[in-house]
Amino acid sequence: MKKILVVLFLGFFFSVNAQASLNGQGELKLSDYVVNALINYLNPNAIHNKTAGHEQKGNPQYFAVSISGNEQGYTYCPRGQSCRRDPGRVTRHCSKIAGEKCYIFASGRKIVWDGINYKFKRKSTDLEIRSKLEEWGFTGDNQSSNKIEKKKTVTTTTSNDSVDIVTKLEGLKQMLESGLITKEEFEKAKKKLLN
């Protein structure tokens, strides 16, 4: 009985370590194509396979990204089914398409790149997802890091800057209303935007 428990424990331990080694790390900028694919992957009502009939929708399993950020691949489990989780399968498929190494960016609804471990809610909007990706530096001009430091720059206010601030404030308000951020976080971000 002890031998069986030891074998089970070691099997679980090595499978967890194998998956962790497939998780991506380092600077990464996602192309618009990859960001749109990630939003589709996270959408609980998205059609993942048009030819699969009633199995065309399902729950996200793994989302892999190429090191250039220009290619992706993902797996999902059709609704009502029990599926085997195989992160290596999606990284191999992504690498074959991209012609370069791919790593796991998300496991289920959780972003795992650089150990971020942030889980998106099922009802997250496109704007909320895009805002978080920009916050982490995966899009826009920021550097990719889960320890984000923004550079202070002196800018002159133009009508485009004003529109940009209004758009960002609206996005913050939507995040507050959907429960992604607290009132305190909202006020802090709002103050930062207005300064």
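The values are calculated or read from the model by the stated rules, or taken from the named source; none is laboratory data. In this text the structure is predicted, and so the values were computed from the model without any measurement. Glycine gets a Cβ as well: all are built from the backbone with ideal geometry, and neighbour counts include every protein chain shown.
Details
- Close contacts from region 28-41, counting a first residue that is closer than 16 Å to Trp136 by Cα and a second that is crowded, with 18+ Cβ neighbours inside 10 Å and among the acidic types (Asp, Glu), with Cβ to Cβ under 8 Å and a gap of 6+ residues or different chains, come to Val34/Glu71.
- Cβ pairs under 7 Å, 6+ apart, first in region 69-92 and in contact (Cβ under 8 Å) with a residue 24 or more places away in the chain and of a type in the set (Gly, Ala, Ser), second in a loop (DSSP other than H, G, I, E, B) and buried (at least 20 other Cβ atoms within 10 Å of the Cβ): Gly69/Leu28; Gly69/Leu30
- Here Thr125 passes the criteria (1) closer than 30 Å to Lys173 by Cα; (2) of a type in the set (Val, Ile, Thr); (3) at pLDDT 95 or above except the one numbered (3).
- Filter result for Glu149 (exposed (fewer than 13 other Cβ atoms within 10 Å of the Cβ), at pLDDT 85 or above, farther than 27 Å from Gly108 by Cα and not hydrophobic (A, V, I, L, M, F, W, C)): no
- Meets criteria (under 21 Å from Asn59 (Cβ atoms), at pLDDT 60 or above and in contact with a helix residue (DSSP H, G or I) (Cβ under 6 Å, 6 or more places away or on another chain)) for Leu22: yes
- Of all residues in region 63-95 being part of a loop (DSSP other than H, G, I, E, B) and hydrophobic (A, V, I, L, M, F, W, C), the one that is modelled with the lowest pLDDT: Cys83
- Filtering region 84-113 to residues that are under 11 Å from the mean Cα position of the chain (by Cα) and not polar (S, T, N, Q) leaves Ile104, Phe105, Ala106, Gly108, Arg109, Lys110, Ile111, Val112, Trp113.
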